[in-house]
Amino acid sequence: MVPIVFPLVADSVRFTSGFGDPRDGGKRRHQGQDLFCPRWTPILAAVSGTVDWIATSRPKKGKGYELLLRGDDGNLYFYAHLNNDDPGTRDNEAPPSYAYARGLNNGDRVSAGEIIGYVGDSGDAEAAGPHLHFEIHIGRWENPIDPAPSLRAALERRRRG
Ligand SMILES: [Zn+2]
């Protein structure tokens with residue numbers, strides 16, 4: 001478990017598919033948690049650090065908007081399925097400015113709790129519906145952990161104020 005800020009503005013969030021669940025008929029495993037909440041829910045930096053993997057143009061068909069937060073704590077935080085729909089539509093055509101916080105660029109520093117993007121259904125989340133796919137990797141990409149305990153603790157801290 002790592003100390004983080006809950007990565008969404010929403011408090012009542014359903015975690016459904018779990019860490020380690022099989023994907024693609026068992027060819028790969030689900031390395032994170034899926035946090036279901038309304039489209040456009042602001043996504044927050046879980047820790048202070050620098051942002052990476054921000055798309056600078058519309059992703060190729062079927063690919064989604066994603067973000068990697070390189071934490072000052074040495075850990076990596078991966079966010080997927082950011083919004084790709086123009087306001088009031090489901091067109092999958094929105095430019096990066098509707099996926100990420102305004103003006104956010106690769107290499108920018110962010111503080112824990114700062115808005116970095118918006119929930120959507122880009123990539124392979126079209127059928128599941130809008131949600132944030134969130135991963136925590138300890139020290140390096142090869143070390144994913146189940147984010148659920150960290151997420152629950154973060155919600156608890158927020159509720160206590
Ligand atoms: Zn997921």
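Taken together, the values in this text are just the output of simple stated rules run on the coordinates, not laboratory data. Computed from a prediction, not measured in an experiment: that's the story for all the values here. So basically every Cβ, Gly included, is an ideal-geometry build from the backbone, and we count neighbours across all protein chains shown.
Tabulated data
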| quantity | calculated |
| --- | --- |
| Of the GluC sites (Glu not before Pro) in the range 120-161, those whose Cβ has at most 10 other Cβ within 10 Å and which sit in DSSP loop | Glu142 |
| Pairwise FRET efficiency - Val9 versus Ser57, Cβ, R0 = 25 Å, nearest 0.05 | 0.40 |
| Cα-centre dipole for the chain with unit charges at Cβ (Lys and Arg positive, Asp and Glu negative), debye to 20 | 160 debye |
| Cα-based shape type of the range 43-161, given that a ≥ b ≥ c are square roots of the gyration tensor eigenvalues and the cut on a/c is 1.5 | prolate |
| Rough spin-label spacing in nm, given labels placed 7 Å along Cα→Cβ, for Ser48 and Ile115 | 2.2 nm |
| Ala148/Arg102 FRET efficiency (R0 30 Å; Cβ-Cβ; nearest 0.05) | 0.45 |
| The range 27-67: chymotrypsin sites (Phe, Trp or Tyr not before Pro) in DSSP loop, at most 16 other beta carbons within 10 Å | Trp40, Trp53 |
| The chain, helix-only ellipticity at 222 nm - DSSP H runs n ≥ 4, -39,500 (n - 2.57), divided by all residues, nearest 500 | -2500 deg cm²/dmol |
| Longest site-free stretch - the chain; sites: trypsin sites (Lys or Arg not before Pro), DSSP loop, at most 15 other Cβ within 10 Å | 103-139 |
| Inter-probe distance in nm under a simple model that places probes 7 Å from Cα toward Cβ, at Asp72 and Arg39 | 3.6 nm |
| Gyration tensor (alpha-carbon) shape descriptor, the range 1-89, a/c threshold 1.5 | rounded |
| Computed lengthening from Glu93 to Met1, 0.36 nm per intervening residue step minus Cα-Cα distance | 29.4 nm |
| Span from the the range 10-76 Cα centroid across to the the range 142-161 one, whole angstrom | 14 Å |
